[in-house]
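Reading through the structure tokens given below for one structure.
The values are calculated or read from the model by the stated rules, or taken from the named source; none is laboratory data. Because the structure is predicted, anything quoted here is derived from the model rather than measured. Cβ sites come from the backbone with ideal geometry, for glycine too, and all protein chains shown count toward neighbours.
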Amino acid sequence: MGPGILTRPFPRVGGVLHCGGLSLEELATTFGTPLYVYDIRRVEACYRGFADAFAAAAPLIAYSVKANGNLSILSRLNALGSGADVTSLGELFRARQAGIPADRIVFAGVGKTEAEMAEALREGIYAFNVESRGELERLDAVAGELGMRAPFGLRVNPDVLTATPHEYTRTGHAAAKFGVPHGDVVELYRWAANRRHLRPLGIDVHIGSQITDTVPYLAAVERVLDLVVEIRSHGIDLEYVDLGGGFGIRYDSEEGMDVVALSAAVLPLVHGSGLRLILEPGRAIVGDAGVLLTRVKYVKESGGKTFVIADSGMSDLIRPSHYGGYHEVERVDTREERLRRAVDVVGPICETGDFLARDRVMDLPAPGDLLAVHTAGAYGFTMASNYNGRRRPAEVMVDGDRVHLIRRRETLEDLVRAERPEALNTETLPE
Ligand SMILES: Cc1ncc(COP(=O)(O)O)c(C=O)c1O
């Protein structure tokens, strides 16, 4: 979050990292490794910090479920008044299971299916953020079959190229798959305004992820609000402007987005438009509230490098190998002194791309040491897979001095549960 708003979680007490009042070493011993640990008070503080910064606009904060969709976290956020930004039937299901009211849910994504549209309509979500003409036509048809009107906003591709740490996290330039090209937006609202089963309700933009500068948001808001003026001149009134998510946090030495400065820049424009503001923060709420704990199995030298081989890797946390995401890695217990060395912290998976940190100067770990991989609360577990036949980690949530197992470690049975023996399942396709 912004400078000075919050101190960093996971303090070192007596040489050992803690979460709330509990030692990470003890949590790893009790629940095993790899283990995701979330500090729920940090999540709540980040949510409040974000909500307070924008309080003057009374926005709908639609927490982005893709960042971390664990039901316990969602239900705590629901209790604070959060809504949800969902991108699939699965995320809609999670949000509703956690008690988030449908009228606080927005549905994003370039490839919504008919089943997803129908279910979201039946649930009564606040709005669909629609990304193409084809999708809007499909939504019209699905709503028609249900005898309903689908509330929607178009996601505008503002053609703003935003500096993010990796090209895969830029979404607001014309050559990205996201959104309706800026030049097509007004025409599409005009078309939709005459469709019986569509209800133009708002407008949406999301320019990328891990953005720490307010300027691109301001540019995007200005571009979108100019469009709103034009849309209104055709007699189509809108109710909301959704500025998406992407608010950056501190992974390394960078400063996270200063949300107070962002709100000071953006709110006067939004106020002037009379539109209801929607924001979709994900990592800014949960990112630094989570660590991944992993135990060192082996240390080996090869090709002039030192490899620290841990019991967790890309199947549990794919950000480093997928988009070069940086995560601070440190020993949980530093009471014993060690030499500093440049090492690669790698996992057990059969891929050269399986690493958590590369060429990282750190205290040289020894087998048996517990490592904390920081800032793993967002896009950690939600992007985890079963690759190499691995069971996804357990997740625990610490609330002060109490710990809750909020997802058990997967079992071997879980790995094959959905599969059916071939012999019992011979189906003939129609000729
Ligand atoms: C449409 C939309 N909203 C919100 C988010 C959340 O982004 P972040 O977690 O960076 O805030 C994303 C991330 O991909 C997104 O695509």
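Okay, here's what the table says:
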{"quantity": "Members of the stretch 241-264 that are under 22 Å from residue 63 (Cβ atoms) and more than 16 Å from the ligand (Cβ to nearest atom)", "calculated": "260, 261"}
{"quantity": "Scan of the stretch 271-328 for residues that are over 25 Å from the mean Cα position of the chain (by Cα) and of a type in the set (Ser, Thr, Tyr), ordered by number", "calculated": "273, 298, 302, 306"}
{"quantity": "Some residue of the stretch 68-85 being under 27 Å from residue 145 (Cβ atoms), buried (at least 18 other Cβ atoms within 10 Å of the Cβ), among the charged types (D, E, K, R) and within 15 Å of the ligand (Cβ to nearest atom)", "calculated": "yes"}
{"quantity": "Restricting the stretch 40-68 to residues that are under 30 Å from residue 318 (Cβ atoms) and of a type in the set (Phe, Trp, Tyr), the residue that is farthest from the chain's Cα centre (by Cα)", "calculated": "50"}
{"quantity": "Failed condition for residue 264, given (1) of a type in the set (A, V, I, L, M, F, W, C); (2) outside the structural domain of residue 32 (by TED's automatic domain parsing); (3) touching a residue at least 24 places away in the same chain (Cβ under 8 Å)", "calculated": "(3)"}
{"quantity": "Residues of the stretch 204-232 classified as away from the ligand (no atom under 12 Å from the Cβ) and in a loop (DSSP other than H, G, I, E, B), total", "calculated": "2"}
{"quantity": "Residues of the stretch 390-431 classified as touching a helix residue (DSSP H, G or I) at 6+ places or on another chain (Cβ under 7 Å) and among the acidic types (Asp, Glu), total", "calculated": "2"}
{"quantity": "The stretch 340-366 residues that are in contact (Cβ under 8 Å) with a residue 24 or more places away in the chain, paired with ones that are among the aromatic types (Phe, Trp, Tyr) and buried (at least 20 other Cβ atoms within 10 Å of the Cβ) (beta carbon under 8 Å, 6 or more apart)", "calculated": "344/355; 345/355; 346/355; 347/355"}
{"quantity": "Some residue of the stretch 424-431 being surrounded by 15 or more Cβ atoms within 10 Å (Cβ to Cβ) and either farther than 17 Å from residue 293 by Cα or of a type in the set (D, E, K, R) (or both)", "calculated": "no"}
{"quantity": "Residues being part of a strand (DSSP E or B) and closer than 27 Å to residue 78 by Cβ - total across the stretch 11-20", "calculated": "1"}
{"quantity": "Members of the stretch 97-121 that are outside any loop (DSSP other than H, G, I, E, B) and touching a helix residue (DSSP H, G or I) at 6+ places or on another chain (Cβ under 7 Å)", "calculated": "97, 102, 105, 107, 114, 115, 116, 117, 118, 119, 120, 121"}
{"quantity": "Residue selected from the stretch 95-106 under the condition within 16 Å of the ligand (Cβ to nearest atom) and more than 14 Å from the chain's Cα centre (by Cα), by the criterion nearest to residue 395 (Cα to Cα)", "calculated": "100"}
{"quantity": "Pairs where the first residue, in the stretch 276-291, is over 20 Å from residue 393 (Cβ atoms) and the second is more than 7 Å from the ligand (Cβ to nearest atom) and part of a strand (DSSP E or B), C-beta under 6 Å, 6+ apart", "calculated": "276/240; 278/60; 278/62; 278/240; 278/242; 279/61; 280/62; 285/63"}
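Residues checked against (1) over 22 Å from residue 69 (Cα atoms); (2) part of a loop (DSSP other than H, G, I, E, B); (3) in contact with a helix residue (DSSP H, G or I) (Cβ under 8 Å, 6 or more places away or on another chain); (4) assigned by TED's automatic domain parsing to the domain that holds residue 16:
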{"position": "295", "(1), (2), (3), (4)": "yes, no, yes, yes"}
{"position": "301", "(1), (2), (3), (4)": "yes, no, no, yes"}
{"position": "320", "(1), (2), (3), (4)": "no, no, no, yes"}
{"position": "337", "(1), (2), (3), (4)": "yes, yes, no, yes"}
